[in-house]
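Contents: one structure, followed by commentary.
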Amino acid sequence: MADLRKILSQRLSETFKGERQQTTGVKLDIGQGTISKWITGESIPPTENLLLIAKTYRVSVDWLLGLSEEKEVDAVSIERLTYEQIALIFHRLIELGSIEIPDLTQFEFNPNPEFELEDEVGEPQVTKEPKYDSDFIKINDRALSYILRTRWKLCELGEDMMMEKWVADFVKVFTGIQMLHFDKKTQAALDAQPWSTYKAGDWASKLKEMSNRTEVQIDNMTKKKKEGKSYGR
């Protein structure tokens with residue numbers, strides 16, 4: 001118990017660092033005296049308060065208790081990226097002005113004299129190939145594209161409440177769903193059922209289902225699609 005008090009004291013001090021105890025108390029709706037006792041190790045926060053601290057300060061309960069060295073609850077693991085994490089990263093990049101919606105009407109075309117056709121009167125026609133901007137990125141992942149398109153639409157509205165709702169409600173639907181390796185097999189398997197009318201919940205269910213499938217099962221899904229059979233396990 002003594003070790004737990006010490007660990008909690010140290011980690012709560014680190015969590016609340018830079019704040020006056022009065023400010024911390026207001027955030028948690030807890031008396032300043034209680035906050036002081038937690039920090040000094042005189043008392044230990046009950047379970048419901050630990051959960052409240054973790055949620056408010058975005059830290060892990062396991063870290064607070066000394067059971068893990070992973071402090072941030074949303075810490076990003078490159079090998080285990082989730083759709084929620086990627087959505088929030090893009091959301092923050094948009095807020096910072098680091099990325100924006102490209103104006104496709106501004107894309108230029110370069111003449112390509114290597115390929116010439118003749119029009120109806122025999123005059124040579126020079127075909128054109130698109131001159132792509134290196135900043136233009138194509139999103140292949142159908143689900144990620146859907147998530148980001150909903151965020152782009154909010155840019156036009158510019159309403160803070162809508163942004164908050166997008167994060168609080170929409171993005172949370174994808175919590176814990178690991179990113180798919182989006183290759184041709186995955187794409188074909190997703191295309192085995194019409195997805196053009198999918199909503200957030202539909203995509204979340206589909207992604208969870210796909211993440212539980214083996215490569216052989218994904219191959220079978222693709223074969224059924226080609227054979228015109230119904231989609232299923």
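Structural remarks
- Residues whose amide H lies under 5 Å from that of Met179, counting only those 5 or more places away or on a different chain, are Leu81, Thr82, Tyr83; hydrogens are built 1.01 Å from N in the peptide plane.
- Loop sites in segment 1-35: trypsin sites (Lys or Arg not before Pro), DSSP, at most 10 other Cβ within 10 Å: Lys17
- Filter on Lys27/Lys172; Lys71/Lys138; Lys138/Lys206 - keep pairs with C-alpha separation over 31 Å: Lys71/Lys138
- In this Cβ point-charge picture (+1 for Lys and Arg, -1 for Asp and Glu), segment 140-188 has a dipole of about 320 debye about its Cα centre.
Taken together, the values in this text are just the output of simple stated rules run on the coordinates, not laboratory data. Quick caveat, the model's predicted, so the values are computed rather than measured. When we count neighbours, we look across all protein chains shown, and the Cβ atoms used for this are built from the backbone with ideal geometry, even at glycine.
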